[in-house]
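Working notes for the structure below.
The numbers here are math on the coordinates, done by the rules we state, and not lab data. Given the structure is predicted, the values throughout are model-derived calculations rather than measurements. No Cβ is skipped: glycine too gets one built from the backbone with ideal geometry, and neighbour counts run over all protein chains shown.
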Amino acid sequence: MNEIKVSAEHGYTVELSESWMRSLTESVKDRTRVAIILSESLSSRVQGLDLGSAEVFTFAIPDGEAGKSSGTLLKIWDWLGAAGFTRSDLIVGIGGGAVTDFAGFAAASWLRGLDWIAIPTTVAGAVDAAVGGKTAINSDYGKNLIGAFHSPIKVIIDLQWFTTLTDRDFSAGLAEVVKCGFIADGKILDLLRGKKVSEIRNDQARVKELVERSVRVKGEVVSQDFKESFAREALNYGHTLGHAVELDSGYSLRHGECVAIGMAFMAYLQLDLGLISADLAADHLQILQDLDLPVSYKRESWPKLLAHMAVDKKSRGSSLRFVTISEIGKTDRLESPDLEALYAAYEKVSS
Ligand code: GLY
């Protein structure tokens, strides 16, 4: 078992576990009640969970972003109330990023903060959503607009879950891994270059190293800047356009797919502005395409994407702000770039 320490709000470990069930049982020893919030599609795999002396309550929520609603949260609050959950009880989220975001926010809001454990079952959840304590539900006005910083007391990653993923979902999760490579750890990119998704999936040692390295990147960044005053923004490389595409697509594209389009856009934008070399821009596109990730989007959506980017959580007032890199592992920010430069880069993404 490998452990990565994170120190953000409080210290906690991200365990790469051979058995999530064993790790969870060990982690809940002293608890009276444990609420398991899990994605509906995993219900049959998590039945009859025996957590020793702890009384276990299970609630399945709809898969994906649909589950992260205020309506579902109202039901969870009633359910926790009826079961008599107190401050010393525990919430566990088992599922993709949407489920762990939701479970974390339920934990943050019930009695002003219960302990919670994240058990991510997707690549994107493991390397991004479950680590770092950003918890949220969606509003009609956008994704993750209602939320709280509330770190889990533990994250348990069991790679066995990934066998349940489609190639498309596995690949979408790798977009966040690619991002960690560009912003902080070039070895990640070495492990990905020239590899197809199937080759990566069939190489457990490679998957483990990619996940571990990406979690280390995220853990270090959030330990440095938990509440995102500056350093944590780097995790949003490719996300400014990515979030806009996600909203424009009505969430029909996976988050990672939108981030891939966002990183392709950043490759062109940074190349055009002389911020990165042609080789580094080409490296972005090659790695993303080898992983079957999209690098283009509809040209006619540009006006809407621009409007969405203006209200991105990373924007300041009305000025647009992008995370940039000058080389692999070195990040910076680009404030209020020229709109013509943005459109010129977008034309290349959309052509
Ligand atoms: N997903 C970006 C962050 O946790 O800050």
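Ordered by residue, what ³J(HN,Hα) values in Hz, to whole numbers, does the range 298-311 give under the Karplus form 6.51 cos²θ - 1.76 cosθ + 1.60, where θ = phi - 60° and Gly and Pro are x?
Computed from phi, the couplings for the range 298-311 are 4, 4, 5, 7, 3, x, 6, 5, 4, 5, 5, 5, 5, 9 Hz.
Do you know the relative contact order of the chain, to the nearest whole percent, from alpha carbon pairs under 8 angstrom that are 6+ apart? Before the final figure, lay out the partial values.
On the way: 689 pairs, mean separation 51.5, N = 351.
Once divided by the residue count of the chain, the mean separation gives 15 percent.
For the range 266-316, would you read off the P(r) tail past 15 Å as a percentage of all alpha carbon pairs? Walk me through the numbers before you get to the answer.
Working: 788 of 1275 pairs.
When every Cα pair of the range 266-316 is considered, 62 percent fall beyond 15 Å.
Normalising by the residue count of the range 1-138, find the relative contact order in percent from Cα pairs under 8 Å and 6+ residues apart.
Numbers: 242 pairs, mean separation 30.4, N = 138.
Once divided by the residue count of the range 1-138, the mean separation gives 22 percent.
Under the rule a/c < 1.5 gives rounded, and otherwise a/b versus b/c splits prolate from oblate, where does the range 199-258 land using the Cα gyration tensor? The partial results should precede the final answer.
On the way: a/c = 3.55, a/b = 1.09, b/c = 3.24.
It comes out oblate by the Cα gyration axes.
Can you give the Rg to Rh ratio for the chain, taking only C-alpha atoms and Rh from Kirkwood? Please report the intermediate quantities before stating the final value.
Details: Rg = 19.8 Å, Rh = 20.4 Å.
Rg/Rh for the chain comes to 0.97.
Could you give each residue of the range 190-205 its phi-based ³J(HN,Hα) in whole Hz, using Karplus coefficients 6.51, -1.76, 1.60 with θ = phi - 60°, and x for Gly or Pro?
Listing the rounded values in order: 4, 6, 9, 3, x, 9, 8, 4, 5, 5, 5, 4, 7, 10, 4, 5 Hz.
Out of Phe57, Leu192, Leu42, whose Cα points farthest toward the positive end of the dipole of the chain (charges: +1 Lys, Arg; -1 Asp, Glu; placed on Cβ)?
The Cα lying farthest towards the positive end belongs to Phe57.
Please give the Cα centre distance for the range 20-70 versus the range 140-164, rounded to the nearest Å.
After rounding, the separation between the Cα centres reads 14 Å.
Determine Rg/Rh for the range 249-351; Rg is computed over alpha-carbon atoms and Rh is the Kirkwood hydrodynamic estimate from the same atoms. Could the numbers behind the result be given before it?
On the way: Rg = 13.2 Å, Rh = 14.1 Å.
Ratio of gyration radius to Kirkwood radius for the range 249-351: 0.94.
May I ask you to work out the translational diffusion coefficient for the range 1-103 at 10 °C, viscosity 1.306 mPa s, via Stokes-Einstein with Rh from the Kirkwood sum over Cα pairs, reported in whole µm²/s?
The diffusion coefficient I find is 108 µm²/s.
Could you give the length gained on full extension between Ile153 and Ala310, defined as 0.36 nm per residue of separation minus the Cα-Cα distance, in nm? If you can, show how the numbers build up before the last one.
Details: separation 157, 0.36 × 157 = 56.52 nm, distance 3.46 nm.
Length gained, Ile153 through Ala310: 53.1 nm.
With n ≥ 4 as the cut-off for DSSP H runs, can you work out [θ] at 222 nm for the chain, using -39500 (n - 2.57) per run divided by the number of residues, rounded to the nearest 500? Provide the component values of the computation, followed by the final result.
Working: 12 runs with 146 residues, N = 351.
Calculated at 222 nm, the ellipticity per residue is -13000 deg cm²/dmol.
Please list, ordered by chain and number, the residues whose modelled amide H lies under 5 Å from the amide H of Leu145; skip anything fewer than 5 residues away on the same chain.
For Leu145, the qualifying residues are Ser139.
Are there GluC sites (Glu not before Pro) in the range 1-110 that DSSP puts in a loop and that have at most 13 other Cβ atoms within 10 Å, and which ones? Walk me through the numbers before you get to the answer.
Details: sites: Glu3, Glu9, Glu15, Glu18, Glu26, Glu40, Glu55, Glu65; in loops: Glu9, Glu18.
Sparse-neighbourhood loop GluC sites (Glu not before Pro): Glu18.
Restricting to bridges with both residues inside the chain, how much of the DSSP beta-bridge set is antiparallel, in percent to the nearest 5?
Numbers: 19 of 43 bridges.
Here the share of antiparallel DSSP bridges comes out near 45 percent.
Once the piece of chain linking Asp338 and Thr25 is laid out straight, how much longer is it, given 0.36 nm per residue of separation minus the C-alpha distance between them?
Numbers: separation 313, 0.36 × 313 = 112.68 nm, distance 5.42 nm.
107.3 nm is the gain from fully extending Asp338 to Thr25.
In whole Hz and in residue order, list the ³J(HN,Hα) couplings for the range 40-50 that follow from phi through the Karplus curve 6.51 cos²θ - 1.76 cosθ + 1.60, θ = phi - 60°; x for Gly and Pro.
Along the range 40-50, the couplings run 3, 5, 9, 3, 5, 7, 10, 8, x, 5, 9 Hz.
So between Lys330 and Leu273, what do we pick up on full extension, going 0.36 nm a residue minus the alpha carbon distance?
Details: separation 57, 0.36 × 57 = 20.52 nm, distance 1.65 nm.
Fully extending the segment from Lys330 to Leu273 adds 18.9 nm.
In nm, to one decimal, how far is the modelled label at Tyr251 from the one at Asn2, with both set 7 Å along Cα→Cβ?
3.2
Using the Cβ atoms and a cut-off under 12 Å, what net charge is assigned to the surroundings of Phe57, where Lys and Arg are +1 and Asp and Glu are -1?
Net local charge, Phe57 excluded: 0.
Of the options Leu24, Ile157, Ala234, report the single residue whose Cα projects farthest towards the positive end of the charge dipole of the chain (beta-carbon charges: Lys, Arg +1; Asp, Glu -1).
Toward the positive end, the furthest listed residue is Leu24.
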